[in-house]
Structures are given as C-alpha cells and as structure tokens.
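*Asks:* Quick one: the structure is below, questions incoming.
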Amino acid sequence: MNWTIHQTIMIQQLKVNSVANSSVLQIGTAGSIRSLSNLYNTGGFVEPAPELGTSEVNPVTLVPLPAPT
C-alpha cells in the first residue's frame, strides 16, 4: 500500500521557552526521531571551569535582560 501525504504548515508565531541538551522541536510529521547528543571540548580546556561567583565581577550581571512582564 502506498501513501501520499501533502502537508502545509503556516506558523504565525513560535515561542520556545527553554532549549536543553536533549530537546526536540518537531513541526509536522516524521517517521522516526532518533536522539543524538554530542559533547565537544572546542576550547581545548584541560581543567574544570571556575565556580560561579568566585571572581570579583558577578558574571550574571554582565548580560542585560529585559524586565519580566
């Protein structure tokens, strides 16, 4: 048996609240979704990162964020 499926998707607005390492965003249909997770050390680091807040400048304040609504 052969199936022919025609699909039209129109998205006016798409809001994604969170994206994590194992997130999947699917629009439409798929026969199979296989998970894939890769971790790369692209900076060539050889030791763990320093703990957050150990420096004199708080790194969280370096990124200006809009006020919550």
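*Asks:* For the range 63-69, in order, what is each residue's ³J(HN,Hα) by Karplus, 6.51 cos²θ - 1.76 cosθ + 1.60 with θ = phi - 60°, in whole Hz (x at glycine and Pro)?
*Replies:* Karplus values, whole Hz, x for Gly and Pro: 10, x, 10, x, 5, x, 10.
*Asks:* In nm, to one decimal, how far is the modelled label at TYR40 from the one at LEU14, with both set 7 Å along Cα→Cβ?
*Replies:* Distance between label points: 2.2 nm.
Coordinate-derived values only; no laboratory data. Just so we're clear, the structure is a prediction, and the values are computed from it rather than from any experiment. Backbone-built Cβ (ideal geometry, glycine too); neighbour counts: all protein chains shown.
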